[in-house]
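Visitor: Quick one: the structure is below, and I'll ask about it shortly.
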Amino acid sequence: MSSKQWYETFPKALDLNKLIFKIGEVSKMVSVSSRQLRYWEQKGYIKSNRSNNHNSRVYNFYNLLRIANIKNRINQGYTLIGAVHKVNEHGNNLNTVFSFMRESFHGIKMIHGNPAINLGYFDHHHKQILYGIIKSNQEVEYQLINKSDAFN
DNA sequence: ATTCTGACA
DNA sequence: TGTCAGGA
């Protein structure tokens with residue numbers, strides 16, 4: 001009775017500070033080229049953190065959300081600068097937040113005895129699924145799993 | 001394999 | 001913005 005139920009570890013997976021993605025991952029998720037991400041950052045429109053070891057960019061959930069917002073505005077017809085101003089004025093658009101969460105969360109399943117969050121297809125060809133696996137030490141590990149192997 | 005910076009037939 | 005080079 002004292003042992004926690006597996007789903008009690010679920011909230012840990014929603015620790016947004018642990019939702020960190022590399023530039024290539026962000027690029028695929030929000031359909032913004034890595035070239036654009038670097039340029040936007042250079043112009044001061046967005047921000048990223050550097051993984052101390054490889055000096056490569058990493059983006060947390062909030063940075064990702066901001067990028068998604070800017071991208072959405074551009075899709076709506078705004079210029080890059082216009083999109084940035086709009087996002088700065090209104091902050092994160094709830095519709096974007098919800099649509100992002102809705103499109104990103106695809107349920108939970110057990111993988112190798114650990115609860116894992118299905119974050120949806122990672123590639124445009126729908127061959128790989130991104131999972132956020134909650135390990136026994138409460139750490140979250142992201143892993144790409146081939147669609148065919150995801151139903152074992 | 002992935003990312004980084006600089007540069008432009 | 002895309003893309004390629006030349007390194008890490």
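Visitor: Among the residues that make up segment A:89-109, is at least one of them open to solvent by 50 Å² or more (accessible area, probe 1.4 Å), at pLDDT 75 or above and part of a helix (DSSP H, G or I)?
Guide: yes
Visitor: Of all residues in segment A:61-72, which are touching a strand residue (DSSP E or B) at 6+ places or on another chain (Cβ under 7 Å) and either of a type in the set (S, T, N, Q) or in contact (Cβ under 8 Å) with a residue 60 or more places away in the chain (or both)?
Guide: none
Visitor: Return the total of residues in segment A:29-65 being buried (at least 16 other Cβ atoms within 10 Å of the Cβ), more than 9 Å from DNA strand B (Cβ to nearest atom) and not aliphatic (A, V, I, L, M).
Guide: Total meeting the criteria: 7.
Visitor: Something else: Return the pairs, sorted by first residue and then second, in which the second residue is more than 16 Å from DNA strand B (Cβ to nearest atom) and of a type in the set (D, E, K, R), the first residue lies in segment A:75-86 and is under 18 Å from A:S31 (Cβ atoms), the beta carbons are less than 7 Å apart, and the residues are 6+ apart or on different chains.
Guide: That search, which allows pairs on different chains as well, returns A:Y78/A:K86; A:A83/A:R73.
Visitor: Filter segment A:52-63 down to the residues that are away from DNA strand C (no atom under 14 Å from the Cβ) and modelled with pLDDT under 90 and list them by number.
Guide: A:N60, A:F61, A:Y62
Visitor: Are there any pairs, at least 6 apart or on different chains, whose C-beta atoms fall under 7 Å, with the first in segment A:43-58 and closer than 17 Å to A:K28 by Cα and the second open to solvent by less than 100 Å² (accessible area, probe 1.4 Å) and in a loop (DSSP other than H, G, I, E, B), and if so, which?
Guide: Qualifying pairs under 7 Å: A:R57/A:S48; A:V58/A:I20; A:V58/A:S48.
The values are calculated or read from the model by the stated rules, or taken from the named source; none is laboratory data. Fair warning: this is a prediction, and the values are worked out from it, not measured in the lab. Because the Cβ atoms are built from the backbone with ideal geometry, glycine has one as well, and the counts that use them run over all protein chains shown. Accessible surface is based on the protein model in full, side chains and every heavy atom, while ligands, DNA and RNA are left aside. Shrake-Rupley method; radii C 1.70, N 1.55, O 1.52, S 1.80 Å.
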